[in-house]
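Values in this text are rule-based calculations from the coordinates and carry no lab data. Keep in mind that what you see is a predicted model, and the values were worked out from it rather than measured.
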């Protein structure tokens, strides 16, 4: 949010802060959410780059299309294990996954 908009909102009586502040997340919870979202965005990007449908990607991953849809929707019940397996299923190397994590 730009500074001018933030000042306008505050002047109007709104409290302006981060999502983590609003949800009262611990730094660890905030970091975990950021990591999960970063992984999901990279998986989506790489799947699109490979021109794979969710069904085709699910077959490559050894999962179902509905699970891929849940993964790409960043649902909380998708494990980090599945997120990492999905990245590797796109052909990502360990060094590339490290860069994605560092970017988070």
(message) With n ≥ 4 as the cut-off for DSSP H runs, can you work out [θ] at 222 nm for the chain, using -39500 (n - 2.57) per run divided by the number of residues, rounded to the nearest 500?
(response) -21000 deg cm²/dmol
(request) Kindly identify region 37-92 as rounded, prolate or oblate by the Cα gyration tensor criterion: order the square roots of the eigenvalues as a ≥ b ≥ c, call it rounded if a/c is under 1.5, otherwise compare a/b with b/c, prolate if a/b is larger, else oblate. (result) rounded
(request) Any chance you could give the angle, 0 to 90 degrees and rounded to 10, that helix 27-49 forms with the longest Cα principal axis of the chain? (result) 50 degrees
(message) As I understand it, the value is the acute angle between the Cα axis of helix 94-103 and the longest principal axis of the Cα atoms of the chain; what does it come to in degrees, rounded to 10?
(response) 10 degrees
(request) Can you tell me the relative contact order of the chain? Whole percent, Cα pairs under 8 Å, sequence separation 6 or more. (result) 30 percent
